[in-house]
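Data first, discussion second: the structure below is written as structure tokens.
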């Protein structure tokens, strides 16, 4: 019962945070949208813990709530956006209707996908093979054995992204 | 054993994905579009982790880890583009970035 209450509180908070990122009353000021995004990330980390993805919950805080948010806030302050630069949420009835329809279709797809999983009850984490489910050891083992090549490719991707970001954001004329 | 059925997790994940998609489509500000994109990616990560939990398969966590790294790279490049666009156009409105040639 307590688990359900925690789940629904976190779920409602996450959805409200995500809505606050895109909706006009909250997202007029760019920093407000960024803070709403921060709340969404943090609540999602709580949901990750509920799925016993402990390592990824910590990484969610470190990478998203830490690094990504700092980047966003840094750029917002660097650009010194005024309110009129920030764009409006141009909500027409058709867009809202389309959003609701898209959500209903997505819910239907989620239901079908959930029902099609043969074992619809959660795996029992009490079994010896799953004792350390979601911990650094298990995830690290998967990353360095079965997913070794994607893992290494990720490091190259990050290097390319760093260099690319520097080149793109460099001042025109380049003498720095 | 978790008391929350899988469908609840999936509905939450698709809700996040749908909200993010609406944001990307309707907001014309590059920064807000990037934030909405992050919400979409987080929805996908939540669906991945729910499936991982219910199937008892931890290797899915490795996929989510890589998605996180890709998202971080995407944000870095996207925000660099925002800065370049600001220098060039004086705005980060996506409607004003209609030309491919500077």
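The values are calculated or read from the model by the stated rules, or taken from the named source; none is laboratory data. If you're wondering where the values come from, they're calculated on a predicted model, not measured in any experiment. Counting neighbours? That spans all protein chains shown, and the Cβs are built from the backbone with ideal geometry, glycine included.
For region B:12-40, give me the residue count where each residue is under 20 Å from residue A:100 (Cα atoms) and under 10 Å from the mean Cα position of the chain (by Cα). Count: 10.
Applying the criterion of being part of a helix (DSSP H, G or I) and surrounded by fewer than 20 Cβ atoms within 10 Å (Cβ to Cβ) to the residues of region A:20-33, the residue that is modelled with the lowest pLDDT is A:26. From the list A:42, A:52, the lone residue that is at positive phi and at pLDDT 75 or above is A:52. Scoring residue B:58 on the criteria (1) under 22 Å from residue A:92 (Cβ atoms); (2) touching a helix residue (DSSP H, G or I) at 6+ places or on another chain (Cβ under 7 Å) leaves a single failure, condition (1). The residue of region A:121-157 that is modelled with the lowest pLDDT, among those that are under 21 Å from residue A:60 (Cβ atoms) and in a loop (DSSP other than H, G, I, E, B), is A:122.
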